[in-house]
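Visitor: Quick one: this structure, given as structure tokens, is what I'll be asking you about.
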Amino acid sequence: MTDAIPTPSKKANGVQPWLGRLAGKFLVFEGPDGSGKSTQLKRLVEAAAAAGVKVTQVREPGGTPVGEQIRSVLLDPSSTMTLRAEMLLYMASRAQLVETIINPALARGELVIADRFLTSTFAYQGAGGGLSDKDIRDVGRVATFDIRPDLVLIYYVDVLTATMRTRGIASTGGKKGSRPTPAALQGPSLFDDRIEQRDHDFRTRVHESYLAQAKADPAHHVLVDASGNAEQVWELTAKVMQERFGG
Ligand code: TMP
């Protein structure tokens, strides 16, 4: 996907005092596949860096050499593994990331921005796959030293829009009549990775879990409507950040 995000303007950075308050914070960008979260994350990283905040950006699974190897195994459509093995691999990648990258960066007073964290495991291996929240919480505590993000931003779009985006089908502005039917989008596509190949019901449970997690702990989660274009979603992101960190 091409990245059409312009560099944040000087004006935008100069007048946003919340950017300067992000030092030492741990933010997580979450959402179902196709939510556009990574585009927004990149934009916040650029804005924070331009405001003079030292930023450590990581992604999950991955973000360390062994984590990236684990990522290849997890996303390879030819890998077969049990749900528990899958959950433990996500956690292994997370353990390496927290101990070697995230905790040291927070100790240095840097802003840490992660593309996915534990919320994803509750959504995908929990609600999607069927593992209990308790099992995920228990293993998560071991993997993460129980560190909690200051804020989890959940970029939310409906299942149909998300699926169209992951398949590279424009969800707005397409030719009349070119929009595929929901039924046509329910099965897997040849280009999906191992997790994206899961069926429509799995994806629906993942989406519902994101909504439920946001509702259950509003102090640490915020839902961002990700149905608009990147610019509109960035405006909502800035608004949320102003509300949470504006002082
Ligand atoms: P990404 O495409 O956002 O980089 O994420 C990789 C895939 O891994 C995505 O389909 C979500 C999935 N995932 C899980 O199933 N469980 C997890 O704990 C994490 C972090 C990601």
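The values are calculated or read from the model by the stated rules, or taken from the named source; none is laboratory data. Treat the numbers as computed from the prediction; the structure is a model and nothing was measured. For neighbour counting, all protein chains shown are included, and Cβ atoms are generated from backbone atoms with ideal geometry for every residue, glycine included. These area figures cover heavy atoms from the full protein model, side chains too; ligands, DNA and RNA do not enter into them. Shrake-Rupley method; radii C 1.70, N 1.55, O 1.52, S 1.80 Å.
Visitor: With θ set to phi - 60° and the Karplus curve 6.51 cos²θ - 1.76 cosθ + 1.60, what are the ³J(HN,Hα) couplings of segment 34-39 in order, to the nearest whole Hz, using x for Gly and Pro?
Guide: The phi angles translate into x, 7, x, 4, 5, 5 Hz.
Visitor: Note the per residue figure in Å³ for the convex hull of the C-alpha positions in segment 46-177.
Guide: It comes to 149 Å³ per residue, whole-number rounded.
Visitor: What is the sum of charges, Lys and Arg at +1 and Asp and Glu at -1, for the other residues whose Cβ falls under 12 Å from the Cβ of residue 204?
Guide: -1
Visitor: If the only charges are +1 at each Lys and Arg Cβ and -1 at each Asp and Glu Cβ, what is the size of the charge dipole of segment 50-96 around the Cα centre, to the nearest 20 debye?
Guide: 180
Visitor: What number, rounded to the nearest 500 deg cm²/dmol, is the helix-based mean residue ellipticity at 222 nm of the chain, given -39500 (n - 2.57) per DSSP H run of at least four residues and division by all its residues?
Guide: So the helix-based figure for the chain works out to -13000 deg cm²/dmol.
Visitor: Ignoring ligands, DNA and RNA, please state the percent of accessible area on the chain from carbon and sulfur, probe 1.4 Å.
Guide: Ligands and nucleic acids excluded, carbon and sulfur give 56 percent.
Visitor: Right, another one. Can you check what the net charge comes to around residue 32, using other residues whose Cβ is under 12 Å from the Cβ of residue 32 (Lys, Arg +1; Asp, Glu -1)?
Guide: Result for the neighbourhood of residue 32: +1.
Visitor: Could you report segment 41-170's accessible area per residue, 1.4 Å probe, as an integer in Å²?
Guide: Counting only protein heavy atoms, the per-residue value for segment 41-170 is 42 Å².
Visitor: Among 62, 47, 34, whose Cα sits farthest toward the positive end of the charge dipole of segment 13-75 (+1 at Cβ of Lys/Arg, -1 at Cβ of Asp/Glu, about the Cα centre)?
Guide: Final value for the positive-end residue is 47.
Visitor: Here is a further query. Students often get this wrong, so check it: of 37/239; 42/239; 54/215, which have C-alpha atoms separated by over 25 Å?
Guide: Listed pairs above 25 Å: 54/215.
Visitor: Looking at the chain, what % of its DSSP beta bridges pair antiparallel, to the nearest 5?
Guide: The antiparallel proportion sits near 0 percent.
Visitor: For the chain, what size does the Cα cloud have along each of its three principal axes, sorted from largest down, in whole Å?
Guide: Its Cα atoms span 48, 47, 33 Å along the three principal axes.
Visitor: Rank 238, 202, 105 by how far each Cα sits towards the positive end of the charge dipole of the chain (+1 on Lys, Arg Cβ; -1 on Asp, Glu Cβ) and give me just the farthest.
Guide: Of the options given, the answer is 238.
Visitor: Report the net charge of residues surrounding residue 192, where surrounding means a beta-carbon distance below 15 angstrom and charges are Lys +1, Arg +1, Asp -1, Glu -1.
Guide: Residues near residue 192 contribute 0 overall.
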